[in-house]
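These notes are about the structure you will find just below.
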């Protein structure tokens, strides 16, 4: 959890990356293990609920609109739509090679995606209904992971290397940044989502940003003013 500049974490099974947060529950999916996903409270306590791995091959990030989950598959660029327990996956659309980050924008009813690796430093916004590209902007990195939409101020957060950064949805300069390299040393962070109700109006402070890494459930951001 990130509270100002203080970071704590929770343990979780290795390789759980794809995440969806709704109804006060954090649901995450294992990247490679074909046997289960897990549920946690917003404080990182497992509730004992597990479910099978329904999606073929690897999944790396996730999001939800409160009715369905959406997960990214970096190896193909596919975005899958699933039930809230990640069951019944269907191909939603293909967002292009190296797509890893995905997050739901309830204000615009769209999915933002970002890339990991290659030479693509573009963050793109796609319509939920037509799957057409609505807008895009570039960042200072080609490794943009843990993409997360913040309903409270209509901004995007992502991890660029070891630095957690905030952008306006129109792009432009970094609004805020925080280096978390020391706290995530040895961990591979891919998934990220705010613990807010998708599509809801701006909520009072604090909100929670969950980042999923190998062996770590957490980085709950409880203060937006970071430096």
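Tabulated values for the structure
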read-out: Cα gyration tensor category, rounded, prolate or oblate, for segment 38-122 with a/c compared to 1.5; value: prolate
read-out: Distance between modelled label sites at residue 41 and residue 97, nm, 7 Å Cα→Cβ extension; value: 4.6
read-out: Difference of contour (0.36 nm per residue) and Cα-Cα distance, residue 175 to residue 49; value: 41.6 nm
read-out: Fraction of alpha-carbon pairs over 18 Å apart in segment 27-178 - percent; value: 56
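Read-outs throughout are calculated quantities, based only on the coordinates presented, and are distinct from any laboratory measurement. This one's a predicted model, so the numbers in the text were calculated from it and none came from an experiment. We place every Cβ from the backbone using ideal geometry, glycine too, and count neighbours over all the protein chains shown.
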